[in-house]
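Notes for the one structure printed next.
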Amino acid sequence: MTTRISYAGYACFLLMILPVGAGAQNSERPDILIADFESENYGKWVVEGKAFGKGPSRGTLPGQMRVDGFLGKGLVNSFLGGDDSTGSLTSPEIRIERKWITFLIGGGKNPEKLALQLLVDGKPVRVATGANDRPGGSEALLQESWNVAEFSGKTAVLRIIDRAQGGWGHINVDQIVQTDSKPKGLVKNAARTFVATARYLQIPIKNGAPKRSVTLLVDGKEVVRNDIELADAKPDWWAPMDVSAWKGKSLTLNVDKLREDSTALSSIIQNETIMGGEGVYREPLRGQFHFSPRFGWNNDPNGMVFFNGEYHLFFQHNPYGWGWGNMHWGHAVSKDMVHWEELGDKLLPDTMGPMFSGSAVVDWNNTSGFGKNGRPPLVLVYTAAGNPTVQAIAYSNDGRNFTKYAGNPVLKQITGGNRDPKVIWHELTKQWVMVLYVGLPGDRHTVHFFTSPNLRDWKLVSTAAGVAGTPYLYECPDFFELPVDGDLAKKKWVLLGANSAYSIGTFDGERFSPENVNLPGHRGQGFYAPQTFSDIPSKDGRRIQIGWFQTETRGMPFNQSMTIPLELKLVSTPDGPRMTYTPVRELEVLRRKSNRIASLSLNPGDANPLSGVTGELLELRTEFEPGKAKEVVFNVRGATIVWDAKTQELVVNGHRAPAPLRQGKQRLTIYCDRTGLEVFASDGLCYVPKPFIPKTDSLNAHVSATGGQVKFSFLEVHELASAWGKATVVEPRRGVPANPINQNK
Ligand code: FRU
């Protein structure tokens with residue numbers, strides 16, 4: 001227990017020896033708080049440089065990952081001014097009068113430059129540093145301690161230094177205490193071994209807890225390593241780990257460091273079904289017609305491909321965390337892009353690093369040789385984001401089981417920021433083309449084009465010019481051909497980046513010649529890293545995109561989702577061909593009850609023509625001529641979508657997007673789910689995704705006009721069914737063998 005002893009004027013910075021009462025020599029002596037950093041300023045501590053500011057921070061600083069694990073409201077956080085700021089913070093003299101000094105510490109790992117030091121006679125006799133020496137990691141502060149019994153009675157000084165710049169160039173410190181009771185330490189390599197008897201291990205997760213490196217060994221051999229925010233006590237949620245591939249074998253879970261009193265390992269149970277699985281897809285913040293993983297975090301869609309009669313959607317997945325990190329490729333399949341079945345993770349982190357984004361192709365001519373029995377293989381092309389960061393491939397013959405290629409990597413590192421390979425078959429030159437994002441020094445970035453006869457051997461054929469300081473072509477390139485106005489004789493190439501800004505141009509199999517750059521893609525918010533399906537069988541060049549929809553779902557055991565599938569087209573406009581977005585027609589299967597009003601003239605002040613509508617999941621479609629109206633105002637479950645005649649804009653919950661009339665008319669489609677809106681206007685030239693959580697009690701739709709009469713040629717609202725149907729938890733169809741970590745050898 002820590003007794004806070006106050007001292008006039010310096011309540012929080014108690015640095016002098018204080019009488020601790022009778023019997024003070026035994027192990028019951030109360031603790032002495034040295035500093036808890038709860039004040040506005042640092043009291044008698046001396047500040048040098050800019051990194052520490054004038055006083056303690058109140059938690060996370062702008063631009064910093066969430067800082068957790070400090071006590072109270074304040075802490076020392078040298079991220080002030082970013083990683084590059086430096087400085088030091090030195091305590092007044094203290095007298096050492098307990099056996100231990102304990103403290104919380106986090107940030108970068110560099111004992112020379114980022115340290116809490118104990119100086120006796122001016123010399124550092126104890127040093128502690130943070131835990132992070134590579135990108136990713138965690139801002140959680142961890143408890144550490146020093147045995148200082150040998151300095152008993154001596155005068156000492158504590159010094160916190162930040163002399164580091166660049167990534168993880170900061171240190172966090174809090175709650176420095178002198179104590180006699182041996183602090184609860186961290187056990188290194190805590191392990192539990194058992195025989196796998198069921199399909200799942202249930203792993204206890206505490207959001208924001210320090211990330212532990214958790215290794216799974218099968219019969220003593222490492223098969224996968226995860227960074228997991230393990231719950232030391234009560235978990236926020238349980239994450240299932242599929243171990244069905246190793247039933248009957250001896251499994252060991254090894255954790256790099258664990259608090260002595262942690263229940264994380266002992267609380268893990270085995271289960272045939274997913275714990276809490278009955279509630280999956282029924283959670284209050286589960287998008288009902290937007291794909292999201294059953295558990296954990298998702299970001300980019302990956303490996304989108306049509307294979308053996310199914311649409312495959314892989315995705316950046318952290319199966320054991322609510323936040324980004326620990327990237328796996330999750331996997332789901334669908335017959336119609338509306339109803340998805342999640343099948344478990346297919347690419348697991350391995351010795352080459354976490355599994356970053358990439359694409360998939362069907363190798364129809366078996367150029368790779370991975371095909372079997374005359375059937376073309378499905379080939380995944382991904383980034384293994386270790387050090388070095390390389391491009392690699394994996395293949396499948398059944399769309400369920402995947403094997404990493406033994407000759408990986410297929411492309412060595414170009415720069416540390418090279419990733420997200422998008423591969424296509426180029427029919428004219430009969431070869432594979434890879435478009436790879438390449439980050440360059442000095443905030444520049446570009447894409448490189450490679451060709452290959454067989455998906456294994458790649459040759460650099462051209463590079464696009466880097467655009468400094470813009471998000472253009474930043475990460476996750478996609479590259480495809482689209483007919484203009486549906487005319488297959490008039491096709492153009494489209495190159496786009498993660499923010500969906502694109503170029504239109506021509507491509508000769510090696511070099512892309514853009515006719516324009518940086519045309520805006522989507523016009524909303526929370527849309528990123530979209531990808532299009534490869535190999536959709538279609539006579540009209542059908543191209544369907546899904547984006548990462550950044551719908552935050554606090555309190556849920558999952559986070560983020562995907563947009564609805566969007567059909568992309570190029571249509572002629574006075575400025576040249578431009579891309580349009582249309583919700584795929586397959587979504588119509590969700591319509592459960594339709595309300596349709598054919599031709600309506602709506603005047604300002606008229607009663608709401610949609611008063612009969614109630615529903616949680618809604619699709620609204622309309623076509624109108626605004627006449628002299630100033631605004632046409634739609635309200636769907638509390639979201640307002642205004643078409644503004646003066647600016648010719650759509651205003652979606654306050655967010656403005658250009659949405660001009662087309663031949664005097666506006667055609668509008670609005671989808672509203674539990675976590676987001678997707679609005680389409682100007683015949684798809686304007687697509688506005690917008691994360692939004694409707695209030696549970698607002699189930700209505702309204703429409704009104706201001707300034708003049710609006711003529712609707714139709715106005716319809718469809719109440720939609722959940723795409724998860726009657727599904728409770730959808731169990732994987734088969735045990736999914738996780739790819740052994742050493743498959744790359
Ligand atoms: C885009 C991105 C990709 C990367 C992936 C990692 O969101 O940063 O560039 O491959 O996410 O999860």
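Any chance you could count the Lys pairs in segment 585-720 whose alpha carbons are under 20 Å apart, treating pairs 8 or more apart or on different chains as valid? Close lysine pairs under the 20 Å cut-off: 9.
Over the Cα atoms of segment 278-583, what is the Rg over Rh ratio if Rh follows Kirkwood? Intermediate values should be presented prior to the final figure.
Values: Rg = 18.2 Å, Rh = 19.4 Å.
For segment 278-583, the value is 0.94.
Between Ser599 and Lys630, the FRET efficiency estimated from the beta carbon spacing at R0 = 30 angstrom works out to 0.85.
Highest first, please rank the peptides 434-440, 371-377, 354-360 by the mean number of other Cβ atoms sitting within 10 Å of their residues.
On the way: 434-440: 21.4, 371-377: 13.9, 354-360: 27.6.
In decreasing order of mean packing, 434-440, 371-377, 354-360 become 354-360, 434-440, 371-377.
Taking a 22 Å limit on the Cα-Cα distance, which of the listed pairs Lys346/Lys569; Lys422/Lys459; Lys211/Lys234; Lys206/Lys404 fall beyond it? Long pairs (Cα-Cα over 22 Å): Lys346/Lys569; Lys206/Lys404. Extension gain, Lys249 to Thr463, is 72.1 nm, computed as 0.36 nm per intervening residue step minus the present C-alpha separation.
Length gained on full extension, Gln648 to Lys335, computed as 0.36 nm times the residue gap minus the Cα-Cα distance: 108.8 nm.
About the Cα centre, and with charges only on the beta carbon of Lys, Arg (+1) and Asp, Glu (-1), how big is the dipole of segment 585-720? Nearest 20 debye, please. Mind dumping the intermediate values first?
Numbers: 18 positive and 16 negative charges, 33 e Å.
Dipole about the Cα centre, nearest 20: 160 debye.
Under 13 Å of direct C-alpha separation, and excluding same-chain neighbours fewer than eight residues apart, Lys412 reaches these aspartates and glutamates: Asp457.
Taking 0.36 nm per residue of separation and subtracting the Cα-Cα distance, full extension of the segment from Val120 to Ala233 would add 36.9 nm. Here segment 362-493 is treated as a Stokes sphere of Kirkwood radius computed over C-alpha pairs; at 20 °C and 1.002 mPa s its diffusion coefficient rounds to 135 µm²/s. The packing ranking of peptides 405-412, 304-311, highest mean first, is 304-311, 405-412, where packing means the average number of other beta carbon atoms within 10 angstrom of each residue. Taking only the C-alpha atoms of the chain, Rg followed by Dmax gives 29.2, 95 Å. For Asn516, the amide hydrogen comes within under 5 Å of the amide hydrogens of Ile504, counting only partners 5 or more places away or on other chains and with H modelled in the peptide plane. A Förster radius of 51 Å, combined with the Cβ-Cβ distance separating Ser538 from Asn41, puts the computed FRET efficiency at roughly 0.15. Summed over the residues of the chain and divided among them, the accessible surface reaches 40 Å² per residue at a probe radius of 1.4 Å.
Any idea what the relative contact order of the chain is, in percent, if you count C-alpha pairs under 8 Å spaced at least 6 apart? Let's see the in-between values first.
Numbers: 2119 pairs, mean separation 72.1, N = 745.
This gives 10 percent for the chain.
For Lys73, the aspartates and glutamates whose Cα comes closer than 12 Å to its Cα, not counting residues fewer than 8 places off in the same chain, are Asp36, Glu38, Glu40, Asp174. In segment 434-574, the C-alpha radius of gyration followed by the widest Cα-Cα span (Dmax) gives 16.2, 51 angstrom. What residues from segment 556-570 fall in the zone where the backbone N is under 15 Å from a label point 7 Å along the Cα-to-C-beta line of Trp324? From segment 556-570, the list is 559-561.
What FRET efficiency do you get for Thr197 and Lys412 if R0 is 51 Å and r is their Cβ-Cβ distance, rounded to the nearest 0.05?
Numbers: r = 43 Å, r/R0 = 0.84.
So, using R0 = 51 Å, E works out to roughly 0.75.
Run the accessible area of the chain with a 1.4 Å probe and give the carbon-and-sulfur part as a rounded percent.
Working: 14980 of 29530 Å².
That fraction is 51 percent.
Could you tell me what a quarter of the Cα convex hull surface of segment 585-720 works out to, in nm² with one decimal place? Each step should come with its number before you reach the end.
Numbers: hull surface 30.1 nm².
Mean orientational projected area (segment 585-720, Cα hull): 7.5 nm².
For segment 316-378 and segment 102-166, what is the separation of their Cα centres, given in Å? What the calculation gives is 42 Å, centre to centre.
The values are calculated or read from the model by the stated rules, or taken from the named source; none is laboratory data. Everything numeric here is computed off the predicted structure, so don't read it as measured data. Glycine gets a Cβ as well: all are built from the backbone with ideal geometry, and neighbour counts include every protein chain shown. The accessibility values were calculated without ligands, DNA or RNA, using every heavy atom of the protein model including side chains. Shrake-Rupley method; radii C 1.70, N 1.55, O 1.52, S 1.80 Å.
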